[in-house]
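A short worksheet on the structure shown next.
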Amino acid sequence: MFRRFRNNQDFFEELHQQYQSQMGKKVLLDCEVPVLPSYHKLLEAKKKCYPHDLEISERGARVKLQALLDLTVQKILQITGTQIDSSTEGLKPIKFEFCKETAEYIKQEEAALKEEIKNIDSTKWAGLEISHELHMTMIDGKVATIITDTSSASACNICLAKPTEMNKLSEVFSRPVREDVYKYGLSTLHMWIRCMECILHISYNMDFELWTARGANKQLKAAKKHLTQEEFKQQMGILVDYVKQVFGTTNDGNTARRFFRDYEKSAEITKIDKGLLKHFAVILQTISSRCAIDIEKFRTYCRETAEIFVHLYPWFYMPASVHKLLIHGADICHHFGLLPIGILSEEAGEARNKEFRRVREYHTRKFNRMKTNEDLLHNFLISSDPYLSHIRPKYSNSKQFDFFPDVKELLLLPEVVTEETENMDLQELQPEHDPLM
Ligand SMILES: [Zn+2]
């Protein structure tokens, strides 16, 4: 016997209630009263999640931006009082393609996307007119270096400072800046990893106080690294800087968060100044919060941090990513106004990469590539549907987070501060190769 629902909304609402009463699973399992809708209804509901004009090819698939925005607006208007941001569930797919990520390809894609953004019209729906503002912030370091035409990843893409110039702070602060680069945002997730790596490398080189290890110093560095890794493993249970078999290292978002949350212990192991580590921890928590930042206080705090850094470790050139955070971080945050930089992060996009592989393996038809790509795109459109996300039960994905008291000093509305990290599996996230490290 099937239970009938007037429409899909009724069905999903019913299912939602079932979940809420913690009975959903039990009812479905007991199967006395099956609550699954007919296949036909399910198909209809799925179709409502697809914008029109999907382009599917053997190499990939894409959605037209305008159609995607229009549909998303319609879906959001069905919900009230919910903030849709860069959690995985709010993340819409635009395009995927199986090809080599060359500089030329990245530039071509950026130009195409810019052109599409330029021609975006406002969405008119239910007597409302909604205009769109699009920012390309979810990009990683490699893409940022290419689209900003920076000569190398070790130079700053905003003020073009080279490694040897990084620690001359008074000069750094007066360098001309490319304000048009602010719009690409701060890659908050990578900042956690890069700041941790920076601290680790200062620690490895501390015995000989040089930026790079040459000759006999190489052995000193390797020995110190080994010792540090062992201590982190034993005392904190985290693996830092281990090279993984296939690619990258064990340094991921979760490791870096542990590293800074327990900054006192990390300082003890690395022998790096506790105050400096705390400063980094506070800055990183601030940019990852989903709360607007008090720009001037943040600017002062970053500047102080940079001063402590060059005062204590003048021989270690500040890496470009750390420089970007400490020197330009406040200006980048300011560029986005009251929109918290934390919600613009690339983090959700990175977490999606992992899901991409899982969906492709288990939830697509494999008899031809077009169908595989079509199923992949469909799957992402459904799982990112704002309305479905809204009625789906929440598993404490945005929980009240224990920030350091100093973080609250740097925020405008510290009482509503949350950070979304608990439901993200960041194990597979890898930082780009950084020539400085
Ligand atoms: Zn710079």
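The values are calculated or read from the model by the stated rules, or taken from the named source; none is laboratory data. Treat the numbers as computed from the prediction; the structure is a model and nothing was measured. Virtual Cβ from ideal backbone geometry, glycine too; neighbours counted across all protein chains shown.
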(request) Considering each residue of segment 308-327, count those that are part of a helix (DSSP H, G or I), in contact (Cβ under 8 Å) with a residue 24 or more places away in the chain and either more than 16 Å from the ligand (Cβ to nearest atom) or not assigned by TED's automatic domain parsing to the domain that holds Tyr184 (or both), and give that number. (result) 2
(request) Please state which of the following conditions Leu339 fails to meet, knowing it meets all the rest: (1) away from the ligand (no atom under 15 Å from the Cβ); (2) assigned to a helix (DSSP H, G or I); (3) over 17 Å from Gly60 (Cα atoms). (result) (2)
(request) Kindly indicate which of Leu169, Leu113 is assigned by TED's automatic domain parsing to the domain that holds Leu276 and not basic (Lys, Arg). (result) Leu169
(request) May I ask you to list the residues in segment 114-140 that are in contact (Cβ under 8 Å) with a residue 24 or more places away in the chain and assigned to a helix (DSSP H, G or I)? (result) Glu116, Ile117
(request) Return the total of residues in segment 241-254 being touching a residue at least 60 places away in the same chain (Cβ under 8 Å) and within 16 Å of Thr228 (Cβ to Cβ). (result) 2
(request) Collect the residues in segment 164-186 that are surrounded by 20 or more Cβ atoms within 10 Å (Cβ to Cβ) and touching a Phe, Trp or Tyr at 6+ places or on another chain (Cβ under 8 Å), keeping them in residue-number order. (result) Met166, Asn167, Gly185
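Quick grid of which residues meet (1) over 17 Å from Glu179 (Cβ atoms); (2) of a type in the set (A, V, I, L, M, F, W, C); (3) modelled with pLDDT of 90 or more:
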{"site": "Ile120", "(1), (2), (3)": "yes, yes, yes"}
{"site": "Trp125", "(1), (2), (3)": "yes, yes, no"}
{"site": "Leu134", "(1), (2), (3)": "yes, yes, no"}
{"site": "Asp140", "(1), (2), (3)": "yes, no, no"}
{"site": "Ala144", "(1), (2), (3)": "no, yes, no"}
{"site": "Ser152", "(1), (2), (3)": "yes, no, no"}
{"site": "Asn157", "(1), (2), (3)": "no, no, no"}
(message) buried (at least 22 other Cβ atoms within 10 Å of the Cβ), within 16 Å of the ligand (Cβ to nearest atom) and hydroxyl-bearing (Ser, Thr, Tyr): is that true of Ser288 in this structure?
(response) no
(request) For segment 141-214, please list each of the helices (runs of 4 or more DSSP H) lying entirely inside it that holds at least 1 residues being within 14 Å of the ligand (Cβ to nearest atom) and of a type in the set (Val, Ile, Thr). (result) 141-147, 169-173
